[in-house]
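In what follows, a structure is listed as structure tokens, so that the remarks can point back to it.
Just so it is clear, none of the values below were taken in a lab; they were calculated from the coordinates. Predicted, not measured: the structure shown is a model, and the values here were computed from it. Backbone-built Cβ (ideal geometry, glycine too); neighbour counts: all protein chains shown.
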Amino acid sequence: MSTAAGAPGAPVDRPVLVMRGAAAAAGGRTLWSGVDLEVGAGEFVAVLGPNGAGKSTLVKVALGLLPLTAGSVELLGRPAGSSSRRVGYLPQRRSFDPGLAVRGRDVVRLGLDGHRWGVPFPLLLAGRRREREARTRVGEVVDLVGASAYADRPIGSLSGGEQQRLLIAQALVERPEILFLDEPLDSLDLPNQAAVASLIGGICRDSAVAVVMVAHDVNPILGQLDRVVYIAGGRVAAGSPHEVITSETLSALFSTPIEVVTTSDGRLVVVGEPEAPEVHGGRHGHEHR
Amino acid sequence: MSALAHLVAATAPARYAALGPGAHPPHRAPPPVLGANLVSDLHELFTYHFMVTALAAGTVVAVLAAAVGWVMVLRRQSFAGHTLAVVGFPGAAGATLVGLPIAVGYFGACVAAALVIAAIPRGRAGTSRGAESAVTGAVQAFALAAGVLFVNLYQGFLNGVDALLFGSFLGITDSQVWSLTAVAVGALALLVLLGRPLLFASVDPDVARARGVPVRALSLAFVVLLGVAVAAASEITGSLLVFALLVMPAAAAQQVTARPGLGLVLSVALGLLVTWSGLAVAYFSIYPSGFYLTSFGFAVYLVAAGVRGVSEARSRRVAALGRGA
């Protein structure tokens, strides 16, 4: 439907993610179709929309974890699924078993070399050097996300916010060019939402990592966003937050009258969005596609 | 003859005295008495060939079970481990019945059951767990029943059921030690090769899959490894007490440390401690080795849980002090 062209502050000189005429289905039902999207290097893009619209599916298609039913998707200049090294991914709502006896630092480390066969073998000189480099890199990202104080504790014993920071570190440890985050603020309390959101925004700005973030609520990240991708009713609208999250655009997207209200503190509230009531309680709640 | 000898050896009521000629343990009437001189007692342990083979087999099995068990506990697959062990029982009893070595029965049944477990398609997480465990429970009960039938069909050696279920360290042959060693070396080599991706897939499957780790194939490979480790442990502890070597050292290690490398090493060390002390004490005792192995394993676990509790309480106190200051 729309591309980055004309989106303010978003010069797409070197796109890291390109979707053309893309469509995806789940359980025989088409979730969305005709999606054209470009994400440039260092851009912060939010994927919004009601439950079940296919937000997580968009991320999984971009990663090559799910197939497209039409169109094409290119990630870092190659077909999706063929370049996993420079791509960070934080799936939706992972919480670790409270008894899981593996340190946060080890979980971060798995993001660096967890895909390599064998075990680290620091007896040889080369192995010792590689081990030292790996530990240094893990220490850097753990510092970056502010998790040094608890990175040596078992990850199962940490709070949701602490786990989320370590998982962001895990996604960052390979110096990705693009980071996919699926509802990283979900299940965090409000102060933690704000802290993690500003952490992600800072990483995006300072390290020039493109961020594609699925979000339930746009407000915690509103100040950081370059662009918004809004999925509803099988279609997609993209552009700057203040272009897309308007009564006109959303009414057209949903084909039903929608009102967007700006509160006195600058928060956007969408009224009349035809959304199924959110399902709470289930460990693998909504949007598990 | 060999399977028969095992059963005779394992079930002889008067212990070593009842063994027929040619059987491994020597002719000796009363059970040995643990004397005041520990050195000479230890020396006595190693003068009997059957005891040396038992310690050798126990050592090999302890290392394999503790290493594989550490991953099993991490993956929360103890239930699968128990199922494999229970299925090993009719395998071993059936092998005895048709004249095959008991080890063939354990390994055949455990690995076959592992392949079946691996082949069961996992439904969506959370939805099919209950149904799966009900199916497994039914299979476990049937496996035990079939094992009892086989033991009864093998007329006259009903007491063999004790050895198959609760273990025996008598009558382990040299060739058994060598075959156990070969199996353990192969299994441990595979575990090292799978190493990091297996840890990744166990801790964080979603991200591992996105990073190109073959999560499904790894879980299949691990269940087969688990079957091998369970079968090996069954030869020492019997089907029902494999957790003495498979779960207790690993769970104790995970109470104490969250470092993967250190945890694996500690798990193996604790497994060896439990095995050696259990076998040694059982030698001087009239009670079965399975009891001692399991009790020592349990003691190790309790101590580890205690250590963890104390250190957590201390760190809470330190944190509280820090807040207060």
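Considering only A:Gly161, A:Pro120, A:Val138, and ranking their Cα positions along the charge dipole of segment A:102-170 that arises from unit charges at the beta-carbon of Lys, Arg, Asp and Glu, the one farthest toward the positive end is A:Pro120. Taking every residue in B:253-262 and counting other chain Cβ atoms within 10 Å of its Cβ, the average works out to 4.
Extending 7 Å from the Cα toward the beta-carbon at both B:Ser133 and B:Leu193 defines two label points whose distance is 3.4 nm.
With the helix formula -39500 (n - 2.57) applied to DSSP H stretches of n ≥ 4, chain A reaches a computed 222 nm mean residue ellipticity of -8500 deg cm²/dmol.
If you stretched the chain out fully between A:Arg153 and A:Arg14, how much longer would it get, using 0.36 nm times the residue separation minus the C-alpha to C-alpha distance?
46.0 nm
Largest first, the three principal axis extents of the alpha carbons in segment B:165-321 are 50, 46, 21 Å in whole numbers.
Annotation for A:Ser187 and A:Thr262: the two label points, set 7 Å from Cα along the Cα-Cβ direction, are 3.5 nm apart.
Summarising the label geometry, the points placed 7 Å from Cα in the beta-carbon direction at B:Ala112 and B:Val307 lie 4.2 nm from one another.
Within 10 Å of each Cβ of A:103-110, how many other protein chain Cβ atoms are there on average?
Average neighbour count from other chains, rounded to a whole number: 4.
Kindly give Rg over Rh for the protein assembly as shown, based on alpha-carbon atoms, with the Kirkwood expression for the hydrodynamic radius.
Rounded to two decimals, Rg/Rh equals 1.08.
Across chain A, the relative contact order, built from alpha-carbon pairs under 8 Å that are at least six residues apart, equals 25 percent.
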